[in-house]
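Enquirer: This is the structure, below, for whatever I ask next.
The values are calculated or read from the model by the stated rules, or taken from the named source; none is laboratory data. All of these numbers come straight from a predicted model, not from anything done at the bench. Neighbour counts are summed over all protein chains in view; Cβ atoms, including those assigned to glycine, are modelled from backbone coordinates with ideal geometry.
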Amino acid sequence: MKLKPGETVIDRFSFAKQEVEDFARLSGDCQAIHVDDEKAKQTIFGQRIVHGVLTLSRVSRLLGMKIPEAGEYAIFVEIDKVKFFRPVYCDEEITLELTMVEQIKNRLFFSAVFKNVAEVVLTAEALIVLKDYKVDGREERK
């Protein structure tokens, strides 16, 4: 899929408890709010929540798997201006709207908006750079 400035790609997803536990184990962030139902019930959230960085990782998935079109090589350079507005809960459906804001030569700028059914839960901005690359000394793309 080749996006143009102003165009958006959408991803709908949720995280199961097992995925959150796997991420906790891999990241080392095993806070009870993420992995312990009973302790999480005693917090202001009333239940387990998904790691913010796990939710944010869906930007990388879209940039790496959906943008740019097949055959182009992109380097994920930057993600910033991350703002968490509310927690994401296990099994809660989230929609990610990733919009190309502008392209300046080989630099693509994106805005990311994560929403649950009613509210924005997370926003961020991202930058990727398209690069020519070589495999075994041969040009793969010009």
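Enquirer: Looking only at residues that are among the aliphatic types (A, V, I, L, M) and surrounded by 13 or more Cβ atoms within 10 Å (Cβ to Cβ) in region 7-37, which one is nearest to residue 95 (Cα to Cα)?
Expert: That would be 9.
Enquirer: Scan region 74-84 and tell me whether some residue there is under 16 Å from residue 6 (Cα atoms), of a type in the set (A, V, I, L, M) and at pLDDT 95 or above.
Expert: No - not one qualifying residue is present in region 74-84.
Enquirer: Cβ-Cβ below 6 Å, separation at least six or inter-chain, first residue in region 9-31 and basic (Lys, Arg), second in a strand (DSSP E or B): which pairs?
Expert: Listed by first residue and then by second, the contacts come to 12/95.
Enquirer: Would you be able to say whether some residue in region 44-57 is part of a helix (DSSP H, G or I), among the β-branched types (Val, Ile, Thr) and modelled with pLDDT of 90 or more?
Expert: Yes; the residues of region 44-57 include at least one that is part of a helix (DSSP H, G or I), among the β-branched types (Val, Ile, Thr) and modelled with pLDDT of 90 or more.
Enquirer: Scan region 79-124 for residues that are loosely packed, with under 13 Cβ neighbours inside 10 Å and under 14 Å from residue 60 (Cα atoms) and jot them down.
Expert: Scanning region 79-124 gives a single hit, 80.
Enquirer: Right, something else. Just one of (1) in contact with a Ser or Thr (Cβ under 7 Å, 6 or more places away or on another chain); (2) assigned to a loop (DSSP other than H, G, I, E, B) trips up residue 83, so point out which.
Expert: (2)
Enquirer: Are any residues in region 38-54 under 16 Å from residue 88 (Cβ atoms) and charged (D, E, K, R), and if so, which ones?
Expert: Result: 48, single match.
Enquirer: Which residue out of 94, 104, 33, 44 is within 19 Å of residue 119 (Cβ to Cβ) and more than 16 Å from the chain's Cα centre (by Cα)?
Expert: 44
Enquirer: Let me ask something additional. Of all residues in region 107-140, count the ones that are at pLDDT below 80 and not basic (Lys, Arg).
Expert: Going through region 107-140 one residue at a time, the tally reaches 8.
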